[in-house]
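Okay, structure first, notes after.
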Amino acid sequence: MSVSPLQAKSIEPILSVRDLKMHFPVKEGIFMRTGKFNKAVDGINFDIMPGETLGLVGESGCGKSTLGRCIARLYQPTAGQISFEGTDIAKLGRKDMMPFRRDIQMIFQDPMESLNSRHTVGQILEEPFQVHKIGDKAYRKKRVVELLDLVGLPARSVTRYPFEFSGGQRQRIGIARSIALNPKLIICDEPVSALDVSIQSQILNLLIDLQKEFNLSYLFIAHDLAVVKHISDRIAIMYLGKIVESGEGESIYRTARHPYTQSLISAIPVPDPHHVATRQILVGDVPSPINPPSGCTFHTRCPKVMDVCKELVPVLNGEDQPVSCHLFEQPK
């Protein structure tokens, strides 16, 4: 789904995240006192429109999954706002959050870990209806069969256990569970990274078909830009707890501005034996979010680093393709 600037002004975001932070305390010393904090998410801002897919990309350890779990309220954020359809859910208690859990669901990376191995598929898919006290037993049985059909699995799957299925089939079960309550927003936390390449495309196409049928909004988390390109309307690039660049999917691929984004795009394989790769390989490791570098946190690995990068934190600025880099700062 592409949203024109005119449409964007008339449609309210289904999700608005403002200055979201998730700092985990780090215990140190004999008395296990909190001396430092792991700043996994450190001031994130973005919107997701109804029926839109926002792809969130970054290296392992940059805080992508933590951000997704904060939005799903599996974690209690340290600070910031998570506005879902105009209601700030960031500080809601368990009871007040319950109605929103029907509308915000999550697909996890490893379906084997996220599915109860001691329950049959039928029991797994019935559980959301039981938790939210929806329908009687006959209704739930009928809905389970309908859900299996939606994700391309036979009705006889209800009596089988997760370990009896392949990885791709287990992920289909996870997807069926996520759409059981007719949600409006689904957080996809690397849903295809553990699957074979041939199966990845099938799951991505399934997600696209379900989005069209039910007008779903996705936050699609991944570390593979090639996968994100296939499904996302807009893309946000995350590095060490912050978004460093965002914009329309095609625009990010054609005119990446941040050196980190350029490096990620250069790593995408091109299916052409005559193509000469021009990789932009980053030096060094990702810094620790417990003790991040001063100034721009990317300056320790950036091939275009300047003196100002080591001292001042760049501001995310720009209209259509905002970027957090001193190379593109607006003149004052």
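Every read-out reported here was derived from the displayed coordinates using simple, explicitly stated rules and does not represent laboratory data. Since the structure is predicted, the reported quantities are computational estimates derived from the model, not experimental observations. All Cβ positions, glycine included, derive from the backbone under ideal geometry; neighbour counts span all protein chains shown.
Using a basic spin-label model with each label point 7 Å from the Cα along Cα→Cβ, how many nm lie between Arg94 and Asn215?
Taking the simple label geometry, Arg94 and Asn215 are separated by 3.4 nm.
I'd like the Karplus ³J(HN,Hα) series for the range 174-189: coefficients 6.51, -1.76, 1.60, θ = phi - 60°, whole numbers in Hz, and an x wherever there's a Gly or Pro.
For the range 174-189, the Karplus-derived couplings read x, 5, 4, 5, 5, 9, 4, 9, 6, x, 9, 10, 10, 9, 9, 8 Hz, x marking Gly and Pro.
Using mean Cβ contacts within 10 Å as the protection proxy, how do 240-253, 84-97 order, highest first?
240-253, 84-97
What is the spin-label model distance, in nm, from Val283 to Asn205 if the labels are put 7 Å beyond Cα along the C-beta direction?
Label at Val283, label at Asn205, 4.5 nm between them.
Among (1) 176; (2) 145; (3) 161, which one is volume of the Cα convex hull per residue in Å³ computed from these coordinates?
Read-out taken from this structure: (1).
So, with +1 on the Cβ of K and R and -1 on the Cβ of D and E, and no other charges, what is the size of the charge dipole of the range 205-332 about its Cα centre, to the nearest 20 debye?
For this selection, approximately 320 debye.
Can you return the lysines within cross-link range of Lys95? Criterion is Cα-Cα under 26 Å, with same-chain partners fewer than 8 residues away left out.
Within reach: Lys21, Lys133, Lys137, Lys184.
Magnitude of the Cβ-charge dipole of the chain, K/R +1 and D/E -1, about the Cα centre, nearest 20 debye?
With Lys and Arg at +1 and Asp and Glu at -1, about 1060 debye.
Local charge sum around Phe108 (other residues, Cβ-Cβ under 11 Å, Lys/Arg +1, Asp/Glu -1)?
Taking every Cβ under 11 Å from that of Phe108, the sum is -1.
Sort 159-166, 178-185 by the packing proxy (mean of other Cβ within 10 Å over each peptide's residues), most packed first.
Descending packing order for the listed peptides: 178-185, 159-166.
Using the Karplus curve 6.51 cos²θ - 1.76 cosθ + 1.60 with θ = phi - 60°, what ³J(HN,Hα) values do you get for each residue of the range 134-144, in whole Hz, with x for Gly and Pro?
Per-residue couplings from phi come out as 10, x, 9, 4, 5, 5, 5, 4, 5, 5, 4 Hz.
In whole Hz, with x marking every Gly and Pro, tabulate ³J(HN,Hα) for the range 301-314 from phi via Karplus 6.51 cos²θ - 1.76 cosθ + 1.60, θ = phi - 60°.
10, 7, x, 10, 4, 10, 4, 5, 5, 7, 10, 10, 7, x
Rank by packing, highest mean first: peptides 296-302, 22-28, 121-127, 143-149, with packing defined as the count of other Cβ atoms within 10 Å averaged across residues.
Answer by packing, highest mean first, reads 296-302, 121-127, 143-149, 22-28.
What length, rounded to one decimal in nm, is gained on full extension from Val313 through to Leu327, with 0.36 nm per residue of separation minus their alpha-carbon distance?
Gain in length upon complete extension: 3.8 nm.
Determine the alpha carbon to alpha carbon distance for each of Lys39/Lys242; Lys64/Lys304; Lys64/Lys242; Lys39/Lys64 and list only those over 18 Å.
Lys64/Lys304, as the Cα separations exceed 18 Å there.
Calculate how steeply helix 197-214 sits against the longest principal axis of the alpha-carbon atoms of the chain, using the helix alpha-carbon long axis, and give the answer as 0 to 90 degrees to the nearest 10.
With both axes taken from Cα atoms, the answer is about 70 degrees.
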